[in-house]
Amino acid sequence: MKFAVAGAGAIGAYLGAKMAHAGYDVTLFARGAHCRAMREHGVRVLSPDGDFEAHPRVVDSLAAAGPVDVVFLAVKAHSLPALAPQLPPLFGPETAVVSMQNGIPWWYFTGAGRPEKIDPGGVISAAIEARRVIGSIVYLSTEIVEPGVIRHNEGTRITLGEPDGARSERCRAISEALARSGLRAPITTHIRQEIWVKLLGNIAFNPISALTGATLVAIARDPDTSQLVRAIMGETEALAHKLGIELPITIDQRITGAEKVGEHKTSMLQDLEAGRPLELDAIAGAALELGDRLGVPMPATRAVYACTKLLEKQRGRAK
């Protein structure tokens, strides 16, 4: 099988390095200094599981990659509308596309039901046929230390699932390749449910961390912010119920799980500190759009979203 990672940032480069190190045919798509460093020196991974180097093929144009069997979409959700129209050169008749974005993915709804916040103008769904899509949920923490160098902090799990809940041979093959690369890749028949479990944490902790600069454990243990987390999670749970999703985990369990992660900066806080755009609309904006459409009040979520949105705007003006 041939694999391509479209968006070889911190998570994508780590994934590609693990697979290339295991002997798989992997092409990474990246830009700028990070791309040049990986081309010249390979990808260096610093990890508590052991440091290593890998030398996958690296391109700065998707047209140069050629058709592959599996495309991992590893860009942030806000970058996907610009990237999606460039993907067709990677597609053969049966190419699978694994979405790896946080929040509510573009494929979750179809047609008029799809929130504009996650697929403006339907540009993503127009570029990626629904039959190609495999859902995934990423549970790992990585960061770019310098161009071409990735620090893996924790986690190795990438859960895979067909959008319709079926068990498929293509999911099994991808899971097997990831497992042989040293990653955990369970297959779920409830990918939609698991998306909401992860969203429950992201929608509360990520924006609050960006606003406060606090780690997961600090937010969870502070009596005021933990109360705010609980309110946002309650609103998100009500929205999930409106969509027919029963969450297999309680809000208390979700908060406890985040607290156990410890002194960890969320990806949104890391993006803020690095001056990168925030995944705010895919995580909170889309949920608010759905809440408005379905008549689910989300005042706590809206207040934190508005403040975080303004923070991002102010940071942009200060540059």
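Computed values, structure above
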read-out	value
Failed item in (1) touching a helix residue (DSSP H, G or I) at 6+ places or on another chain (Cβ under 6 Å); (2) more than 27 Å from Lys242 (Cβ to Cβ); (3) not polar (S, T, N, Q), with Glu146 passing the rest	(1)
Filter result for Arg276 (of a type in the set (Lys, Arg), closer than 25 Å to Pro115 by Cα and surrounded by 15 or more Cβ atoms within 10 Å (Cβ to Cβ))	yes
Residues that are farther than 22 Å from Val138 by Cα and aliphatic (A, V, I, L, M), drawn from segment 1-45	Ala33, Ala37, Met38
Residue that is farthest from Ala96 (Cα to Cα) [pool: residues in segment 155-186 that are crowded, with 17+ Cβ neighbours inside 10 Å and hydrophobic (A, V, I, L, M, F, W, C)]	Leu183
Every pair of residues 6+ apart whose Cβ atoms lie under 8 Å, when the first sits in segment 227-255 and is aliphatic (A, V, I, L, M) and at pLDDT below 95 while the second is surrounded by fewer than 14 Cβ atoms within 10 Å (Cβ to Cβ) and part of a helix (DSSP H, G or I)	Leu243/Leu294
Which numbered condition His78 fails, given (1) at pLDDT 95 or above; (2) in contact with a Pro (Cβ under 6 Å, 6 or more places away or on another chain)	(1)
Selected residue (criterion: farthest from Arg151 (Cα to Cα)) from residues of segment 252-270 that are hydrophobic (A, V, I, L, M, F, W, C) and buried (at least 19 other Cβ atoms within 10 Å of the Cβ)	Ile255
For Ile283: the one exception among (1) modelled with pLDDT under 90; (2) within 23 Å of Asn153 (Cβ to Cβ)	(1)
Filter pass, Ser79 being among the polar types (S, T, N, Q) and touching a Phe, Trp or Tyr at 6+ places or on another chain (Cβ under 9 Å)	no
Of residues in segment 278-301 being assigned to a helix (DSSP H, G or I) and of a type outside the set (A, V, I, L, M), the one nearest to Leu211 (Cα to Cα)	Thr301
Answer residue from segment 78-102, given it is assigned to a loop (DSSP other than H, G, I, E, B) and within 17 Å of the chain's Cα centre (by Cα) and is surrounded by the most Cβ atoms within 10 Å (Cβ to Cβ) among those	Gln101
Segment 196-211 - residue that is surrounded by 24 or more Cβ atoms within 10 Å (Cβ to Cβ) and among the β-branched types (Val, Ile, Thr) and, of those, nearest to Gly291 (Cα to Cα)	Ile203
Residue, farthest from the chain's Cα centre (by Cα), within segment 107-142, restricted to residues that are aliphatic (A, V, I, L, M) and part of a helix (DSSP H, G or I)	Ala112
Pick from segment 212-238, criterion among the acidic types (Asp, Glu) and either outside the structural domain of His264 (by TED's automatic domain parsing) or in a helix (DSSP H, G or I) (or both), ranking: surrounded by the fewest Cβ atoms within 10 Å (Cβ to Cβ)	Asp224
Conditions (1) surrounded by fewer than 20 Cβ atoms within 10 Å (Cβ to Cβ); (2) outside any strand (DSSP E or B): number failed by Asp69	(2)
Lone unmet requirement of (1) surrounded by fewer than 22 Cβ atoms within 10 Å (Cβ to Cβ); (2) farther than 18 Å from Ala8 by Cβ for Pro105	(1)
Tally, over segment 12-27, of residues that are among the aliphatic types (A, V, I, L, M) and either at pLDDT below 95 or surrounded by fewer than 23 Cβ atoms within 10 Å (Cβ to Cβ) (or both)	1
Residue list for segment 80-114, filter: among the polar types (S, T, N, Q), without any contact (Cβ under 8 Å) to a residue 40 or more places away in the chain and within 21 Å of Lys198 (Cβ to Cβ)	Ser99
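To keep it simple, each residue is scored yes or no on (1) without any contact (Cβ under 8 Å) to a residue 40 or more places away in the chain; (2) under 18 Å from Arg31 (Cα atoms); (3) of a type in the set (D, E, K, R); (4) in contact with a Gly (Cβ under 9 Å, 6 or more places away or on another chain).
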| residue | (1), (2), (3), (4) |
| --- | --- |
| Val45 | no, no, no, no |
| Pro48 | no, no, no, no |
| Glu53 | yes, no, yes, yes |
| Asp60 | yes, yes, yes, yes |
| Val68 | no, no, no, yes |
| Val75 | no, yes, no, yes |
| His78 | no, yes, no, no |
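The values are calculated or read from the model by the stated rules, or taken from the named source; none is laboratory data. Because the structure is predicted, anything quoted here is derived from the model rather than measured. Cβ sites come from the backbone with ideal geometry, for glycine too, and all protein chains shown count toward neighbours.
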